[in-house]
1. Can you sort S102, S370, S270 by 1.4 Å-probe accessible area, starting with the largest?
2. Report the antiparallel proportion of the DSSP beta bridges in the chain as a percent, rounded to a multiple of 5.
3. Please give the length that would be gained between I265 and H220 if that part of the chain were fully extended, namely 0.36 nm times their separation in residues minus their C-alpha to C-alpha distance (nm, one decimal).
4. Relative to the present Cα-Cα distance, how much length would full extension add between D111 and T28 at 0.36 nm per residue of separation?
5. Just to confirm my numbers, what's the Cα centroid distance between the stretch 202-257 and the stretch 46-80 in Å?
6. To the nearest 0.05, what FRET efficiency results for N182 and I162 with a Förster distance of 25 Å applied to their C-beta separation?
7. Which distance in nm do the two modelled labels at M1 and E148 give, with both placed 7 Å along the Cα-to-Cβ direction?
8. If you count only protein heavy atoms with a 1.4 Å probe, what accessible area per residue comes out for the stretch 66-206, rounded to a whole Å²?
Amino acid sequence: MSKIPLNKADNYSDDIIKERQKFVEEQTGVDLNHLINFSFNPKVLQGNIENFIGVAQVPIGLAGPIRVLGEYAQGDFYIPMATTEGTLVASYNRGMKLLSESGGVTCTVMDDAMQRAPLFVFENARYSRNFGKWIDNNFGAIKAKAEETTNSGKLLDIEQYIVGKLHWLRFNFTTGDAAGQNMVTKATHRACHWMLEQNIEGLEHFSMAANMDTDKKHSHLNTLQTRGKRVVAEATIPKHLLEKIMHTTGNALFKQRQLSNMGAILSNSSNNGAHSANGLTAMFIATGQDVANIAESSAAVTYSELKENGDYYMSITIPSLIIATYGGGTALPTQRECLEILGCFGADKVYKLAEIMAAVVLAGELSLASAIVANEWVSSHEALGRNR
């Protein structure tokens, strides 16, 4: 097999990109007509992608407005959503209409933490226990070493998890407007290697990661402890608006919620809601987030109450929303434009984006749940989706 063309001096020049495009056509027999068309200077991609050949043109639809009553996001927002799933934008748009006419969505960022969890293996459990005490006594020095590597990352605390002679340390950082996985890896690496220099008694082995930070995969630990932003969206929907817009009632939605809770328990799902991954993924793609983080970010806990007057209260808690408004893919041209539509590009905007995303998720939950109980789920896909 031939090697992919590479220019170590400048792998983002027009010449090397065209050479790779020609290489693909020769190797596969496919004529590249759409993939090779893009509107930005590929020089901006360094640090975001290797062996660049073109772009995936994912359609972006606009939903909204949705009224957000947050501490950081306040007002009406139009939402860019990148997807190829018919009915998705229409469904979320319907939920946004319902929530906005109900007065808006109250959104609250509850917690913020990004982790790296190295493993220390000892000769026996007593050495491991003593190490835990040493960590507590030396937290100040460990924190100082970790924060030498970053201006925006701050070490909050270190959780400890022990199994036999295995001792995991789960470092919890705030990371400013960045998602922060690379930031906390570098900081934890510096702190741990300082610790290793202190000649830890009884230590047999050290590993920078051994699956306790659960990077790019959800865990119940994240639901309990937070990874990324923990954010809550909640609203009370008046009875008459449920009937007018959603063609259902609070009583029907509340009954369906109990059935869905049972299904989630039985299947051991990480989400007792309907489809938070749909709205989040569409916004992740549009705004330049690391889409693999949907594995964690789509977990959610939904709660509802039926009021005595027939109104319906619903909240959704997203415990592991991993997003950024700075760094990563957020500054790429189209992604930046989508963040600017939301007023969320750049510094001091990540909590605002978290509140908007949580509000969007709640809109999608209400819309799909209503479609199911009103028997409009299949017909909407017949009209707008892939079933047509």
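The values are calculated or read from the model by the stated rules, or taken from the named source; none is laboratory data. Predicted, not measured: the structure shown is a model, and the values here were computed from it. Here Cβ is always computed from backbone atoms with ideal geometry, including for glycine, and neighbour counts include all displayed protein chains. For the accessible areas, the whole protein counts, side chains as well, though only heavy atoms, and no ligand, DNA or RNA atoms are used. Shrake-Rupley method; radii C 1.70, N 1.55, O 1.52, S 1.80 Å.
1. Highest to lowest solvent-accessible surface, that is S270, S102, S370.
2. The antiparallel fraction comes to roughly 95 percent.
3. 14.9 nm
4. 25.0 nm
5. Centre-to-centre (Cα) distance: 21 Å.
6. 0.35
7. Here the answer is 4.2 nm between the modelled labels.
8. Heavy-atom SASA per residue in the stretch 66-206 reads 45 Å².
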